[in-house]
1. Given (1) farther than 29 Å from residue 268 by Cα; (2) among the β-branched types (Val, Ile, Thr); (3) at pLDDT below 65, where does residue 358 come up short, assuming only one miss?
2. Considering only residues that are in a helix (DSSP H, G or I), touching a residue at least 40 places away in the same chain (Cβ under 8 Å) and within 25 Å of the chain's Cα centre (by Cα), look in region 108-124 and name the one that is nearest to residue 89 (Cα to Cα).
3. Looking for something surrounded by 15 or more Cβ atoms within 10 Å (Cβ to Cβ) and either charged (D, E, K, R) or closer than 23 Å to residue 235 by Cβ (or both) - is there at least one such residue anywhere in region 295-302?
4. Under 6 Å by Cβ, and 6 or more places apart or on different chains, what pairs join a residue from region 144-167 that is free of Cβ contacts under 8 Å to residues at least 12 places away in the same chain with one that is charged (D, E, K, R) and surrounded by fewer than 18 Cβ atoms within 10 Å (Cβ to Cβ)?
5. If I ask for residues that are out of contact with any helix residue (DSSP H, G or I) (no Cβ under 6 Å at 6 or more places or on another chain), among the β-branched types (Val, Ile, Thr) and surrounded by fewer than 21 Cβ atoms within 10 Å (Cβ to Cβ), which ones from region 247-291 would you list?
6. Just to confirm my filter: which helices (runs of 4 or more DSSP H) fall fully inside region 189-276 and include at least 3 residues that are not assigned by TED's automatic domain parsing to the domain that holds residue 143?
7. Only one of (1) over 24 Å from residue 63 (Cα atoms); (2) free of Cβ contacts under 8 Å to residues at least 40 places away in the same chain is not met by residue 170, so which one is it?
8. Taking residue 281, is it without any contact (Cβ under 8 Å) to a residue 12 or more places away in the chain and under 27 Å from residue 143 (Cα atoms)?
Amino acid sequence: MYEKLKQQVLPQLIAPGSRILAAVSGGPDSVALAHILWRYIQDKQEQKITLVITHVHHGVREESDDEEKMVQNMARDWEIPCLIHRFDSKNYAKSVGKSFQTAAREWRYACWQEDMRKENCTLLATAHHLGDQAETVLYRLLRGSGTAGLAGIYPQKGKLIRPLLTVTKEDILEYCRNEKLPYALDHSNEEPVYVRNKIRLQLLPELQREYNPKIIEALGRTAEVLRWDEEYLEEEVQSAWKRWAILDTEQRVGLRRTIFELPKAILSRLIRRAATLVSGEPRGIAFQYVEQVMASQGQVGWSQDLPGLNIGIDYQGVWFQRADWGQSINESPDILLPSLPVGAHWGEWLPWRDEAGVNWLVGLFCLEKEAEDNDYPGQCVDKVFFDGPGLIRNSEKLQWRYRQEGDCLWLAGLGHKSLKKIFQDAKVPAKHRPVIPLLAMGNEILWIPGVKRGDRYPLEQGKGAVGVLIKC
């Protein structure tokens, strides 16, 4: 077992110069892990890898004191640092209102993160093995997980590594016997009280006896294959997010309505990701809510209230926002602003909603391709014409943006006129002015949709361009 790990697994997980924090409970899995890492460091001294052990005393079982001493003695014999932590896990679980297992796990990982910081460790190693992988896959299958959940435990996630993930429990016990390693047994793991214990003690043995003697290995392979798929899909989602996300803050996230044209595998993940960013819940929203959003097909006006989260669709896109979003900032939640500035691309509609809650679309089109008024997806309110070649020559400078200090329009026979004066002359309420998208070229405004067009780039004979504002 060690030789296989040494040749195939550990070099992929541990870079030269790494300082590893190994979480050691005192059970056979973690003891074997610590010993394997210690051996690897001896065999690869030229790589200058170092090891630190951390042990948590949960204050629950009488044997915990002996286990603590055993881990300390082991670290002393190997001449490596050993950190000991004690805490009242049961009272802690009550204080945070969580189950004992969940609360203790969260406390341990938080403690280990602090250990890594203090000891300047670059990796955290835990002793999850193939049996743990099989339990996890079955546990998530019973809960109804998708590909991401059934991909199981990852051998590496960030700084967390699990070198024994492909090793069976039997191989670990044999390794401890061959190396004469002392270890402790936690007999609470043999009680079918928790769901995971029932899976390990009852369900997996039944599946081995009646269906597949190598069910653990089969579940491990399934998780690995699904992990490959999930890693590929995650790359696709990353790319899709850059293209379809229109607003990304801690309290509010928007996705373009065109996401409903995407394959369900990508669409569902974009929805979950948006919900996770806003709610802070790592698992996102439940499957039935994802289905409801997908079934809406981007219908304007659709909405759904979830605990702590609101999802709604308007002409701009699909919006995920905290339930208290409008109460914590000085903007009304009814004012939906596009993510500006953006390039003024030809033939694309830019959606926005004004202070009065009216939905608009504004766009820039080639004149010969511009549709008739009755072909627009709404009522045409404003149409202005430009010299097409003139705009094309400077297209890299064109952008839609909001009002900035010093903005002005150039008017023939008058020169530059400030936007403030133009807005005043047009009797545009002050509260409406900041949310009107402006067609700009550098520092100069060419068009205020629905208000006024500047006199730059007048339409001449030949190809032209048209700016269109419609009311939805």
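1. Failing condition for residue 358: (3).
2. Looking at residues that are in a helix (DSSP H, G or I), touching a residue at least 40 places away in the same chain (Cβ under 8 Å) and within 25 Å of the chain's Cα centre (by Cα), I get 108.
3. No: region 295-302 contains no residue that is surrounded by 15 or more Cβ atoms within 10 Å (Cβ to Cβ) and either charged (D, E, K, R) or closer than 23 Å to residue 235 by Cβ (or both).
4. These pairs meet every condition: 149/140.
5. 249, 258, 276
6. Correct list: 215-244.
7. (1)
8. yes
The values are calculated or read from the model by the stated rules, or taken from the named source; none is laboratory data. All figures in this text were calculated on a predicted structure; none of them were measured in a lab. Using ideal geometry, Cβ is built from the backbone for each residue, glycine included, and neighbour counts are taken over all protein chains shown.
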